[in-house]
Amino acid sequence: MSTPVLARIRAAYARIEAVDRPEIWIGLRPQGDLEEEAHSLETRLAAGELLPLAGRLLAVKGNIDVAGLPTTAGCPSYAYEPAVDAPAVARLRAAGALVIGTTNLDQFATGLVGTRSPYGAVASAHAPDRVSGGSSSGSAVAVALGIADLALGTDTAGSGRVPAAFNGIVGLKPTRGLVPTDGVVPACAPGRVRILSTTPSAGACTRDSIFIASSASSG
């Protein structure tokens, strides 16, 4: 039996196939894994659990830890497999978000164009002959193409703001310290986790981004 969450997952994977943009991803989870998690999510919802992000699909920049997927920071020889999620990821999952995969980036998050990666250059969601912006390139494009509902990126000197602007989506750089950076490969000390969400509409998505940041925050 199909449910809204299962339907969203299936639509996302159909969209992945339709757009044929493999360079967005470093680690894409099998569709079946998400569908299994969806069944568990439906059970929690039926039991009355409050899950404000239930069924939202989350893409995670490849320098942020996701248990079971390699953290590469865009460098295959650097890769390691974390045992646990970064706190920002864990808190969004606890709120009901489903991680679809880890996304491509300018290597070690040092670049503003989205082309400096051995996993391929990430082109703009809307104009494939143009750059996507970086370094959170895959995260921004996954949201802009309607594959993910929200994404995590990082931002030290524009790495979240630039691709959000280039791809016509909302990007939020939370106040330093609001979202924990444990489990994030640092580009430099002031780096912050960045929230990316869908195209703005009458301010609603800006409010959504603030709410998502609250869900990922320390308290």
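The values are calculated or read from the model by the stated rules, or taken from the named source; none is laboratory data. Quick caveat: nothing in here was measured; it's all calculated off a predicted structure. Note that each Cβ is placed from the backbone with ideal geometry, even for glycine, and that neighbours are counted across all protein chains shown. When the accessible area is computed, the model is the full protein with side chains, heavy atoms only, and any ligands, DNA or RNA have been set aside. Shrake-Rupley method; radii C 1.70, N 1.55, O 1.52, S 1.80 Å.
Here are a few things to note about the model shown:
- Scanning the stretch 150-169 for residues that are under 16 Å from the mean Cα position of the chain (by Cα), surrounded by 23 or more Cβ atoms within 10 Å (Cβ to Cβ) and either among the β-branched types (Val, Ile, Thr) or farther than 22 Å from Ala79 by Cβ (or both) turns up Leu150, Thr154, Asp155, Gly160, Val162, Pro163, Ala164, Asn167, Ile169.
- The residue that is surrounded by the most Cβ atoms within 10 Å (Cβ to Cβ), counting only those in the stretch 110-124 that are out of contact with any Asp or Glu (no Cβ under 9 Å at 6 or more places or on another chain) and at pLDDT 95 or above, is Ser124.
- Failed item, numbered, when Asp85 is tested on (1) closer than 22 Å to Asp182 by Cβ; (2) acidic (Asp, Glu); (3) without any contact (Cβ under 8 Å) to a residue 40 or more places away in the chain: (3)
- Qualifying residue in the stretch 122-130 (condition: in a helix (DSSP H, G or I), touching a residue at least 24 places away in the same chain (Cβ under 8 Å) and not hydroxyl-bearing (Ser, Thr, Tyr)): no
- Residue pairs meeting the criteria (Cβ under 6 Å; at least 6 apart or on separate chains; first in contact (Cβ under 8 Å) with a residue 60 or more places away in the chain, in the stretch 137-151; second open to solvent by less than 10 Å² (accessible area, probe 1.4 Å) and among the hydroxyl-bearing types (Ser, Thr, Tyr)): Gly138/Thr103; Ser139/Thr103; Val141/Ser132; Ala142/Thr103; Leu150/Ser197; Ala151/Ser139
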